[in-house]
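Derivation of every value follows stated rules applied to the coordinates shown; laboratory data play no part. Just so it is clear, the structure is predicted and the values come from calculations on it, not from any experiment. Methodologically, a virtual Cβ is constructed for each residue, glycine included, from the backbone with ideal geometry; neighbour enumeration extends over all protein chains shown.
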Amino acid sequence: MAQVTPMRTAAETQLLDLFPAVKARLPGAAEPRQQAYDAFAKAGLPHRRVEAWKYTDLRASLREAAPLADAPSAAVLGEVRTKAAPFAGLGPALAIVDGMFEPSLSDLHGMPAGVQAVGLAGALGTGHALAAQVGQAAQADDAVLALNAALMTDGVILRVAAGTQLERPLVVRFVRTGSQARAAFTRVLLVVEEGASLTLAETHEGPAGVGHQDNTVVEVITGDKATVQHVRLNADGGGAVDLSTLGVKLGADCAFTSFALVTAPALTRHQIFVTFAGENSRVSLNGGALLKGRQHADTTLVVNHAVPHCESRELYKHVLDGEATGVFQGKIIVEPHAQKTDGQMMSQAVLLGDNATMNNKPELEIFADDVVCAHGATCGQLDDDLLFYLRARGLPKPDAEALMLQAFVGEALEKVEDESIRDVLEGVVEAWLRARL
Amino acid sequence: MLEIRNLHVQIEDKKILNGLSLTVNDGEVAAIMGPNGSGKSTLSYVIAGKEDYEVLDGEILLDGQNLLEMEPDARAAAGVFLAFQYPLEIPGVATMTFLKAALNAQRKARGEGELSTPEFMKKVRAGAERLHIPQDMLKRALNVGFSGGEKKRMEILQMALLEPRFCILDETDSGLDIDALKIAADGVNALRDPKRSFLVITHYQRLLNYIVPDTVHVMANGRVVKSGGKELALELEANGYADYRSQAA
Ligand SMILES: Nc1ncnc2c1ncn2[C@@H]1O[C@H](COP(=O)(O)OP(=O)(O)OP(=O)(O)O)[C@@H](O)[C@H]1O
Ligand SMILES: [Mg+2]
């Protein structure tokens, strides 16, 4: 069979040219970066014939790959300092601005006992012991992940010592500035030692209407008996292309919960890879996306039950107005010896706009026989009879719809245990709904 | 005063109301009885403003205002309240949140200020107590997992809170046990007022022993075929609808 070399798109060519141009100044070992770059060069940007990217044709939609963001100037940092962060005051925060970890905007001295925080670039450059774990949790044959592995400029490594119980959430801010579209490749590694418990809350902040391109990876590696709540808020930066990967590797007897809320960027792809490495662990992955106009949000997750006696739950809610597109692809893999696996996955969408689209693709790949696994997907309009009931009690139609949508998204949002964080997220949902009235 | 004149209504090409006329005066309790499928619930939905129905002819006036030109929420703010035959469940919306949203929406539509939270809570608590509704039910999602009788009592609580001008009770008695029936009837009677009228739809004369009507109307085939005083209900209880079915056909 003849080998067909696909035509490179402009964006692919720009990305391929980027790496050789900047690799000399990227921190850490060169070899793994080169390998990742080669993998990307071979695959190119994902397109609709790549099964995992079936509904998000990045090759077609990414016209230009933006140049790498410049390290922020003192003036830019001053401006960031004056802006209110969504989770401000809720817990110690670390800031990554335009691809660079910013100690001056981070509460490095306010880190609670048992928490160690270091910049990723520094750690990679100096061969810090924790840096060896970078790339351990986010492993997949994926071109976007490979791009991050090749090009990550900076980020944060957090280590939570054994037995540490954090009352307040740890906040990581990914901040973008400037009015010209720029790219940033960043990574956060959270290492949670045995018996520790915490909430990690990420926010993605940026100017509306600028086509910034983000490729972020968050990795979570836990010892046994750890409890981690993870929250991701993407409510800013209306013009942005936001590609993100969450890689999670859990020990035994752990509980990991994640909730991601998307309201703003033009195009988001959030991919989650969870691996159970120890028995009796539980994972709960949840999300809400409220989209309008021509926004596109894709959540694609793979939960790998590699060991017996683990439980996974997924609940995703899409509210799609205008011509927005929602994508949910969920795959639960149960390996041959992973008996007593309990997996349940649900994706629900409400289509408000006549031209809105929801693509649901739940999959179960089960190779063990003694398991309980189920998945479901619903997609439809708001219930007319319920709407009438609310209106007959005096609620104008938009208010009645807002109340129903709030309840709809609320079912996933209530998985967020930290009340202070949940309040902020509820506020974001309410603001989105109010903007429709 | 509610006046319905020559109302013709259809749904999906099926004619349900056939020239129905009815007047309910201020302070009056009017009972409507009639065989299954005669159009009683349809009438209540059309008064409240459900969109599925096509009004072919006729008018509905509340104190001279043409209800048929108003949105359901505007009708509610003008004082129309329908206690549903089958109250709906609203997962994810706490009963208290719902009650507050409804009350404040109506107050806003009438140009009144919002009720403060303590004032509101006091009102709800008092109403719930009168109807023997446990306080923790108010924290649960509206009607979700409530028993049939609990749902009906919740409708009466909403009615008491919203203080409507014109109340329609569609088979509020069905599904209630004898004690609950008395409690619900007491709740309704407490709301009787010279300025408030009621349209009570029921199949059973027994309810009318507790909520004593001023007038009783028999509905058959989408029309009011006979009107009388409370003794008409007793007569129906004894003889059934046989006479009226033939009369309307
Ligand atoms: N959505 C609909 N589509 C078609 N027919 C309908 C619809 N809703 C009601 N009907 C019909 O209209 C007629 C009147 O129904 P309605 O519910 O008003 O009767 P009712 O008098 O309230 O009866 P019941 O005593 O059983 O409650 C019935 O024949 C019913 O089947
Ligand atoms: Mg009925």
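Taking Cα atoms of segment B:2-248, Rg/Rh with Kirkwood Rh, to two decimals? Don't skip to the answer; put the middle values down first.
Details: Rg = 17.8 Å, Rh = 18.6 Å.
Radius of gyration relative to Kirkwood radius: 0.96.
Looking only at B:H132, B:H203, B:H217, which one moves most when chain B is put into a Gaussian network model with springs between Cα atoms under 10 Å?
B:H132
Quick query: amide H of B:V216 versus all other amide H atoms, modeled in the peptide plane; which residues come in under 5 Å with a sequence gap of 5 or more or a different chain?
B:A31, B:G228, B:G229
Need the C-alpha centroid separation for segment B:203-249 versus segment A:1-65, integer Å.
The distance from the Cα centre of segment B:203-249 to that of segment A:1-65 comes to 79 Å.
Once the other residues with Cβ under 15 Å from the Cβ of B:A31 are scored (Lys, Arg +1; Asp, Glu -1), what is the net sum?
That sum, taken over residues with Cβ under 15 Å, equals -3.
Residue by residue through B:101-107, how many Cβ atoms from other chains fall within 10 Å of the Cβ on average?
Average per residue, whole number: 5.
Using amide H atoms built in the peptide plane, which far-off residues or other-chain residues are under 5 Å from A:V217 H to H?
A:T186, A:R187, A:V188, A:T245
Pick from A:C310, A:C379, A:C254: which is most flexible by mean-square fluctuation in a GNM of chain A where alpha carbon atoms under 10 Å apart are linked?
Of A:C310, A:C379, A:C254, the Gaussian network model singles out A:C379 as fluctuating most.
For segment A:71-141, what's the relative contact order in percent, using C-alpha pairs closer than 8 Å and at least 6 residues apart?
Dividing the mean separation by the residue count of segment A:71-141 yields 21 percent.
Of B:P72, B:P91, B:A101, which is farthest on the positive side of the dipole of segment B:67-113, counting Cα position, with +1 on Lys and Arg Cβ, -1 on Asp and Glu Cβ, and the Cα centre as origin?
Result: B:A101.
If the cut-off is 17 Å between C-alpha atoms, which aspartates and glutamates fall inside it for A:K83, apart from same-chain ones fewer than 8 positions away?
Straight-line reach from A:K83, under 17 Å: A:D98, A:E102, A:D107, A:E202, A:E205, A:D236.
Grab the DSSP H runs of chain B that are 4 residues or longer, score each as -39,500 (n - 2.57), total them, divide by all residues and round the 222 nm result to the nearest 500 deg cm²/dmol.
Per the formula, -11500 deg cm²/dmol.
Out of all DSSP beta bridges with both ends in the protein assembly as shown, state the antiparallel percent to the nearest 5.
That works out to approximately 20 percent antiparallel.
Given all pairs of different Cα atoms, what value in angstroms does the Kirkwood hydrodynamic radius of segment A:1-105 take?
Details: mean 1/r = 0.0584 Å⁻¹.
By the Kirkwood definition, the hydrodynamic radius is 17.1 Å.
Taking θ as phi - 60°, what are the ³J(HN,Hα) couplings along segment A:353-365 by the Karplus curve (6.51, -1.76, 1.60), each to the nearest whole Hz, with x for Gly and Pro?
The phi angles translate into x, 5, 10, 7, 10, 10, 10, 10, 9, x, 9, 10, 10 Hz.
Local charge sum around A:A392 (other residues, Cβ-Cβ under 9 Å, Lys/Arg +1, Asp/Glu -1)?
+3
Which whole-number percent is the relative contact order of segment A:163-252 (Cα, under 8 Å, 6+ apart)?
Working: 224 pairs, mean separation 29.7, N = 90.
Here the relative contact order equals 33 percent.
Take the Cα atoms of segment A:251-396, find their three principal axes, and give me the spread along each one in whole Å, biggest first.
53, 34, 23
Roughly how far apart, in whole Å, are the Cα centres of segment A:157-230 and segment B:158-199?
55 Å
Over 16 Å, how big is the tail of the calculated P(r) for segment A:91-186, in percent of all Cα pairs?
Percentage above 16 Å: 61.
Tell me, Kirkwood radius of segment A:55-436 from alpha-carbon pair distances, in Å?
21.1 Å
Based on the mean of other Cβ atoms within 10 Å per residue, sort peptides A:398-405, B:137-144, A:124-131 so the most packed one is first.
A:398-405, B:137-144, A:124-131
Roughly speaking, what is the centre-to-centre gap between segment A:269-304 and segment B:49-65 when only Cα atoms are used, to the nearest Å?
Comparing the Cα centres of segment A:269-304 and segment B:49-65, I get a distance of 49 Å.
Any idea what the alpha-carbon Rg over 2.2 N^0.38 Å comes to for the protein assembly as shown? Before the final figure, lay out the partial values.
Values: Rg = 31.0 Å, N = 686, 2.2 N^0.38 = 26.3 Å.
Taking N as the residue count of the protein assembly as shown, the ratio is 1.18.
Given the DSSP H assignment, sum -39500 (n - 2.57) over each helix run of at least 4 residues in chain A and divide by its residue total; what's the result at 222 nm in deg cm²/dmol, nearest 500?
Details: 9 runs with 100 residues, N = 437.
So the helix-based figure for chain A works out to -7000 deg cm²/dmol.
Counting only DSSP beta bridges with both residues in segment A:32-187, what percent are antiparallel, rounded to the nearest 5?
On the way: 7 of 15 bridges.
So the antiparallel bridges amount to about 45 percent of the total.
Can you say what percent of the DSSP beta bridges in segment B:2-248, counting only those with both residues inside, are antiparallel? Round to 5.
Taking every DSSP beta bridge with both residues in segment B:2-248, the antiparallel ones total about 60 percent.
In whole Hz, what ³J(HN,Hα) sequence does segment A:8-23 give by Karplus (6.51, -1.76, 1.60; θ = phi - 60°), x for Gly and Pro?
Using θ = phi - 60°, the values come out as 6, 7, 4, 5, 4, 4, 4, 5, 5, 6, 4, 4, x, 5, 10, 4 Hz.
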